[in-house]
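Peer 1: Here it is: the structure, laid out below.
The values are calculated or read from the model by the stated rules, or taken from the named source; none is laboratory data. Since the structure is predicted, the reported quantities are computational estimates derived from the model, not experimental observations. Virtual Cβ from ideal backbone geometry, glycine too; neighbours counted across all protein chains shown. With ligands, DNA and RNA removed, areas are computed over all heavy atoms of the protein, side chains included. Shrake-Rupley method; radii C 1.70, N 1.55, O 1.52, S 1.80 Å.
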Amino acid sequence: MKLKLKTVFLLYFMVSLLGLIYALMQLGQRCDCTEHDFPKDRTISRLLTKQPQKQPAKPSLPTIFVITPTYARLVQKAELTRMSQTFLHVPRLHWILVEDSPHKTPLVTDLLMKSSLTYTHLHMPTAKDRKLQEGDPSWLKPRGVEQRNEGLRWLREDRRAQPGGDNQQGVVYFADDDNTYSLQLFEEMRSTQRVSVWPVGLVGGMKYERPVVEGGKVVRFHTGWRPSRPFPIDMAGFAVSLKLVLANPEACFDGEAPMGLLESSFLQGLVTMDELEPKADNCTKVLVWHTRTEKPKMKREEALQAQGLGSDPAVEV
């Protein structure tokens, strides 16, 4: 009996040893585990091993050059902050901001430096005899004339200095700092060949003004004031191809133009009514609004200042 138990134990030991040796021999060997693969595992494996294919190169987008006149006032920083943060969402945009000032101000300089935008900071003061005085209605004299013309001057000089054939590819848009802009507007104007047009909301005492389109062509304008003007259109309602601007170096805004004809003074030498390119679904969608920020009332501030308790002037508003 003792012999038999000893023999069984020895056989058990030998079999275990052989199993251990076999297991050690299998370490490092490649395992064919396909029969145990799950569909999800095979999908992940294919994704990891698949070679990435080269994507076709996208054509570069034309740059939109936005020329904005601005002037010092209590709401200036608020207006420019809102505008700059809209522009951050627009690819290939170059902001040309022109101050109505004899010098660049720290407020605008600092705002632009922190904006993360591609920009050019200029300044050009409005002549004294063309400035609106306190209490004057906004329509009495055209505003932003010198600043827009300064932006055009810089743009023409800068493009001439740029090497390469792409220096004339782009679009020029005149965007006032108190308007409200849909991002879609900038994609609409990007394909401008000569002069593109679209509606403007909340302007001219109307819900909107717009070009009227028939058969794909602009035939007249829906406006409530002097529709007989050559181009009865708001400054926010058109864009011009950079190539056209560069080909017409004399084209500019006429500060002496009669009321309501400032836009016409610029467009008349560039395009005819028949050549206008309607955008925004044949000028049936409003993508820009002629909003205006209410002038803040500072009666309490003035009363506190008279007592020597006014707000700290070092705090920039």
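Peer 1: Quick check: anything in region 242-263 closer than 19 Å to ILE64 by Cα and open to solvent by 90 Å² or more (accessible area, probe 1.4 Å)?
Peer 2: yes
Peer 1: Any idea how many residues of region 288-309 are under 15 Å from GLN76 (Cβ atoms) and free of Cβ contacts under 8 Å to residues at least 12 places away in the same chain?
Peer 2: 1
Peer 1: Still on this structure, please answer the following. Taking only region 58-116 into account, find how many residues are open to solvent by 40 Å² or more (accessible area, probe 1.4 Å), in contact (Cβ under 8 Å) with a residue 24 or more places away in the chain and of a type in the set (Ser, Thr, Tyr).
Peer 2: Residues in region 58-116 being open to solvent by 40 Å² or more (accessible area, probe 1.4 Å), in contact (Cβ under 8 Å) with a residue 24 or more places away in the chain and of a type in the set (Ser, Thr, Tyr): 4 in total.
Peer 1: When only residues in region 222-280 that are under 17 Å from VAL145 (Cα atoms) and among the charged types (D, E, K, R) count, which is nearest to the chain's Cα centre (by Cα)?
Peer 2: Applying the filter and picking the extreme gives ASP234.
Peer 1: Restricting attention to region 202-214, which residues are closer than 14 Å to PRO232 by Cα and touching a strand residue (DSSP E or B) at 6+ places or on another chain (Cβ under 7 Å)?
Peer 2: VAL203, TYR208, GLU209, ARG210, PRO211, VAL212 - these are the residues of region 202-214 that are closer than 14 Å to PRO232 by Cα and touching a strand residue (DSSP E or B) at 6+ places or on another chain (Cβ under 7 Å).
Peer 1: A further question on this structure: Could you tell me which numbered condition TRP198 fails, if it satisfies all but one of (1) farther than 19 Å from VAL271 by Cβ; (2) in contact with a Lys or Arg (Cβ under 8 Å, 6 or more places away or on another chain); (3) in contact (Cβ under 8 Å) with a residue 60 or more places away in the chain?
Peer 2: Unmet condition: (1).
Peer 1: OK, next. Suppose we filter GLN184, GLN133, GLN193 for residues that are farther than 22 Å from ILE233 by Cβ and either in contact with a Phe, Trp or Tyr (Cβ under 8 Å, 6 or more places away or on another chain) or open to solvent by 60 Å² or more (accessible area, probe 1.4 Å) (or both); which single one remains? Don't jump to the end; show me each part of the working.
Peer 2: Values: GLN184 fails: farther than 22 Å from ILE233 by Cβ; GLN193 fails: farther than 22 Å from ILE233 by Cβ.
Going through GLN184, GLN133, GLN193 in turn, the sole match is GLN133.
Peer 1: I would also like to ask the following. Going through region 227-271 one residue at a time, which ones are assigned to a loop (DSSP other than H, G, I, E, B) and either among the charged types (D, E, K, R) or under 22 Å from GLY215 (Cα atoms) (or both)?
Peer 2: The answer is PRO227, SER228, ARG229, PRO230, PHE231, PRO232, ILE233, ASP234, GLU250, ASP254, GLU256, VAL271.
Peer 1: Okay, next question. In the set ASP312, ASP274, ASP281, which member is without any contact (Cβ under 8 Å) to a residue 12 or more places away in the chain, open to solvent by 40 Å² or more (accessible area, probe 1.4 Å), closer than 17 Å to SER196 by Cβ and not in a strand (DSSP E or B)?
Peer 2: Within the list ASP312, ASP274, ASP281, the selection yields ASP281.
Peer 1: Would you pick out the residues in region 69-95 that are closer than 16 Å to LEU107 by Cα, within 15 Å of the chain's Cα centre (by Cα) and β-branched (Val, Ile, Thr)?
Peer 2: Within region 69-95, just THR81 meets the criteria.
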